[in-house]
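Engineer: Below are the structure tokens for one structure; questions will follow.
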Amino acid sequence: MNIRDYVACKDFPCVDVHHAGYLVPELEIDPARFKIMLISEAAPAQAGDGYYAAGDPLFQQTTVAAFNDAGEQVASIQDILELGVYLTTAVKCSKTGYGISAATVNECSRLLEQEIGLFPDIQVYLLMGD
């Protein structure tokens, strides 16, 4: 299944995020393989820094470092996926400032709820960020 086929913002009502930074994973996966979901705060300022971007994106660098610091030797997001850990963001657009309004969190929570619903076997949620 491709996550983007099931999770999408249709009207972009939020005023305190960059809609051009909208990012939902375009990822072909079998959701039943995943037992852990890591949810970070918001999409990166640059789409090329997202979890699933090509090369060595910023989100990959910091997440790989965190897993290595925790004792799990991984080198890429693919390695983390193979551990049964799915990575996403709570807010699908990039932030315009430091904080995100409650209204935006409320709107984006509907998208996150759709996304979480695709993963029937998740046992652990890791909530990262502010």
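Engineer: Which ones in the stretch 23-33 are over 18 Å from Tyr125 (Cα atoms) and not in a loop (DSSP other than H, G, I, E, B)?
Structural biologist: Glu28 - this is the single residue of the stretch 23-33 that is over 18 Å from Tyr125 (Cα atoms) and not in a loop (DSSP other than H, G, I, E, B).
Engineer: Sort out which residues of the stretch 1-48 are at pLDDT 95 or above, in contact with a helix residue (DSSP H, G or I) (Cβ under 8 Å, 6 or more places away or on another chain) and among the acidic types (Asp, Glu), and write them in order of number.
Structural biologist: none
Engineer: So Val124 passes all but one of these: (1) more than 13 Å from the chain's Cα centre (by Cα); (2) at pLDDT below 95; (3) among the aliphatic types (A, V, I, L, M). Which condition number does it fail?
Structural biologist: All conditions are met except number (2).
Engineer: Return yes or no: is Val91 within 16 Å of Val7 (Cα to Cα) and either of a type in the set (A, V, I, L, M, F, W, C) or in contact with a strand residue (DSSP E or B) (Cβ under 9 Å, 6 or more places away or on another chain) (or both)?
Structural biologist: yes
The values are calculated or read from the model by the stated rules, or taken from the named source; none is laboratory data. As the structure is a prediction and not an experimental result, all values here were calculated from the model. No Cβ is skipped: glycine too gets one built from the backbone with ideal geometry, and neighbour counts run over all protein chains shown.
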